[in-house]
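Contents: one structure, followed by commentary.
The values are calculated or read from the model by the stated rules, or taken from the named source; none is laboratory data. Note that the structure is a prediction, hence the values are computed from the model and not measured. Note that we place each Cβ from the backbone using ideal geometry, even for glycine, and neighbour counts take in every protein chain shown. Please note that ligands, DNA and RNA were not included when accessible areas were found on the heavy atoms of the full protein model with its side chains. Shrake-Rupley method; radii C 1.70, N 1.55, O 1.52, S 1.80 Å.
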Amino acid sequence: MHGVEIIVPGTIDPEIRYRLARQRRYEEPEARFIGKYLRPDVHVVELGGSIGVMSALIRKRIGRTSRHVIVEANPVLAKVCERNANLGADPGSVCVVVAAIDYSGKPEVYFDPGHNAHTGHVAASGICVSTTTLAHVVAGLPDGPRVLVCDIEGAELDLVAAEAHNLWQFETIILETHPQRYAQGHKSLEDLVLMLKNQSFVPEDIADDVIVFTRRVA
């Protein structure tokens with residue numbers, strides 16, 4: 001899939017396994033932008049690792065030694081993601097954090113795994129998971145160029161609102177947006193884009209709901 005081999009156990013949703021086995025379209029815009037904007041020796045924070053297809057593709061682009069920190073809230077998916085993210089990686093270059101990105105101030109939240117590997121989200125009920133923030137995750141990265149890859153089913157709106165001032169640490173953001181989950185739909189999406197522009201990020205590329213932002217340095 002996308003030029004990388006991955007491991008998909010039988011515990012994963014049959015629809016996802018069938019799509020992967022048949023080489024059907026899978027996260028196509030995100031995969032294309034990873035191929036276009038990532039390069040060797042860039043360190044990556046990936047929020048929402050799912051089963052690790054994009055994680056394996058990221059590793060293919062950044063080489064064996066670059067640091068790759070992944071946050072995945074679903075503990076079942078996190079185990080699969082970790083195996084796939086480590087394919088082609090040097091020991092110690094991958095870190096998978098089992099937690100939800102959340103800015104409620106709570107140490108734990110409920111996470112609804114959803115009906116497949118791509119619909120999990122923080123909710124009023126579900127499994128209890130630990131929380132973390134982007135600032136905490138970034139603290140584990142070494143110095144050097146950094147890219148943020150984010151697909152967290154709507155939580156990106158709170159992330160940008162809470163941590164816009166921390167995003168200067170990234171040169172590129174590959175962001176899958178979810179306006180259908182935002183309280184004000186596309187108005188909230190416009191607000192998100194404006195917040196990023198105010199931090200010197202310019203929309204560079206867009207396909208479907210995935211937007212690439214690059215930081216302009218004065």
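The residues of region 49-121 have, on average, 41 Å² of accessible surface per residue, using a 1.4 Å probe with all protein chains present.
Would you please classify the overall shape of the chain from the alpha carbon gyration tensor, given that a ≥ b ≥ c denote the square roots of the eigenvalues, rounded means a/c under 1.5, and beyond that prolate means a/b larger than b/c while oblate covers the rest? It comes out rounded by the Cα gyration axes.
With 0.36 nm allotted per residue and the present C-alpha distance subtracted, the T65-D191 stretch has 41.7 nm of extension available.
Normalised by the number of residues in the chain, the average gap of Cα pairs under 8 Å and 6 or more apart makes the relative contact order 17 percent. Annotation: the antiparallel percentage among DSSP beta bridges lying fully within the chain is about 50. Couplings for region 132-147, taken from phi via the Karplus curve 6.51 cos²θ - 1.76 cosθ + 1.60 with θ = phi - 60°, read 8, 10, 4, 4, 5, 5, 5, 4, x, 8, x, 5, x, x, 9, 10 Hz in order; Gly and Pro are left as x.
Ordering of 81-94, 120-133 by packing is 81-94, 120-133, highest average first (other Cβ atoms within 10 Å, averaged per residue).
Which percent of the accessible area of the chain is formed by carbon and sulfur heavy atoms (probe 1.4 angstrom)? Carbon-and-sulfur percentage of accessible area, whole number: 51. Each of the peptides 147-156, 181-190 was scored by the mean count of other Cβ atoms within 10 Å over its residues; in descending order, highest first, they stand as 147-156, 181-190. The charge dipole of region 93-159, taken about its Cα centre with unit charges on the Cβ atoms of Lys, Arg (+1), Asp and Glu (-1) only, comes to about 140 debye.
Overall form of region 25-151: prolate. Here a/c, set by the Cα gyration tensor axes a ≥ b ≥ c, is 1.5 or more, and a/b is the larger of a/b and b/c.
The largest-to-smallest principal axis extents of the Cα set in region 88-208 are 43, 37, 29 Å. The Cβ shell under 10 Å around T177 holds other residues with a net charge of -4, Lys and Arg each +1, Asp and Glu each -1.
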